[in-house]
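Peer 1: Below: one structure in structure tokens.
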Amino acid sequence: MFFLLRQIQHLTRYFLIAGVLAFVLFYRNAAPELSAVLLGPAIYLAYFLHLYAGLVFKDLPASEAVKHLGFLLPVTLLYFSLTGFLFKKLWNERGWIRTLTLLALTVFAGFIHFMAWQYLRGYSIANP
């Protein structure tokens with residue numbers, strides 16, 4: 001257990017704080033577009049986890065607090081902390097491999113967030 005605690009570097013902590021701030025933006029509905037961009041993949045994963053948990057546990061309440069605080073918050077914290085951990089591990093590489101892998105991860109994460117934002121935006125716009 002202490003080995004895992006030593007692995008949590010500053011970058012992971014900063015990503016975790018960014019995840020908490022993104023969740024607060026989403027929960028307060030302060031910046032819906034920005035929070036949809038930042039939390040897009042976490043929103044999809046939390047939705048499918050809630051859907052699966054509803055099938056397994058029949059007495060699961062369908063309240064917004066359970067959806068947001070029971071599923072979205074833990075998924076957001078896990079997603080952001082694992083992303084920060086991955087960036088930290090890739091930052092420890094040497095030479096052009098570090099630059100190439102960090103660039104590839106950044107582009108891939110940007111693409112995932114952009115596509116999730118596009119799909120979430122499509123759900124929020126009502127068709128005439």
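The values are calculated or read from the model by the stated rules, or taken from the named source; none is laboratory data. Here the structure is a predicted model, which is why all the values come from computation and not from measurement. Positions of Cβ are backbone-derived with ideal geometry, glycine not excepted, and every protein chain shown enters the neighbour counts.
Peer 1: Looking at segment 75-86, is at least one residue modelled with pLDDT under 85 and small (Gly, Ala, Ser)?
Peer 2: The initial filter retains those residues of segment 75-86 that are modelled with pLDDT under 85, namely none.
Within segment 75-86, none of the residues are modelled with pLDDT under 85 and small (Gly, Ala, Ser).
Peer 1: Which one is modelled with the highest pLDDT, of the residues in segment 47-63 that are surrounded by 10 or more Cβ atoms within 10 Å (Cβ to Cβ), closer than 26 Å to residue 122 by Cβ and not hydroxyl-bearing (Ser, Thr, Tyr)?
Peer 2: Per the criteria, the residue is 48.
Peer 1: Out of the residues in segment 46-102 that are in contact (Cβ under 8 Å) with a residue 60 or more places away in the chain and not hydrophobic (A, V, I, L, M, F, W, C), state the one that is nearest to residue 29 (Cα to Cα).
Peer 2: Just the residues of segment 46-102 that are in contact (Cβ under 8 Å) with a residue 60 or more places away in the chain, to begin with: 77, 79-81, 83-85, 87-88, 91.
Those left that are additionally not hydrophobic (A, V, I, L, M, F, W, C): 79, 81, 83-84, 88.
Numbers: 79: 20, 81: 23, 83: 24, 84: 25, 88: 31 Å.
Checked segment 46-102; the qualifying residue nearest to residue 29 (Cα to Cα) is 79.
Peer 1: Here is a follow-up. Say whether the condition of being surrounded by fewer than 17 Cβ atoms within 10 Å (Cβ to Cβ), farther than 21 Å from residue 122 by Cα and either of a type in the set (S, T, N, Q) or at pLDDT 90 or above (or both) is met by at least one residue in segment 28-46.
Peer 2: No.
Peer 1: Next question, about the same structure. Out of all the residues in segment 14-64, which are over 29 Å from residue 88 (Cα atoms), charged (D, E, K, R) and not in a loop (DSSP other than H, G, I, E, B)?
Peer 2: Correct list: 28, 64.
Peer 1: Considering only residues that are part of a helix (DSSP H, G or I) and of a type in the set (Lys, Arg), look in segment 68-126 and name the one that is surrounded by the most Cβ atoms within 10 Å (Cβ to Cβ).
Peer 2: Here is the first cut: in segment 68-126, the residues part of a helix (DSSP H, G or I) are 68-91, 96-124.
When the remaining residues are screened for being of a type in the set (Lys, Arg), the result is 88-89, 98, 121.
Values: 88: 18, 89: 14, 98: 13, 121: 14.
So the residue we want is 88.
Peer 1: Could you count how many residues in segment 40-79 are of a type in the set (Ser, Thr, Tyr) and within 21 Å of residue 117 (Cβ to Cβ)? Steps first, please.
Peer 2: Taking segment 40-79 as the starting set, the residues that turn out to be of a type in the set (Ser, Thr, Tyr) are 44, 47, 52, 63, 76, 79.
Filter once more, keeping what is within 21 Å of residue 117 (Cβ to Cβ): 44, 47, 76, 79.
The qualifying residues number 4.
Peer 1: Also, I was wondering about something else. Out of everything in segment 79-124 that is of a type in the set (Ser, Thr, Tyr) and under 15 Å from residue 38 (Cβ atoms), what residue ends up being nearest to the chain's Cα centre (by Cα)?
Peer 2: Going residue by residue through segment 79-124, those that are of a type in the set (Ser, Thr, Tyr) are 79, 81, 83, 99, 101, 106, 119, 123-124.
Subset that is under 15 Å from residue 38 (Cβ atoms): 79, 81, 83, 106, 119.
Numbers: 79: 4, 81: 9, 83: 8, 106: 14, 119: 15 Å.
So the residue we want is 79.
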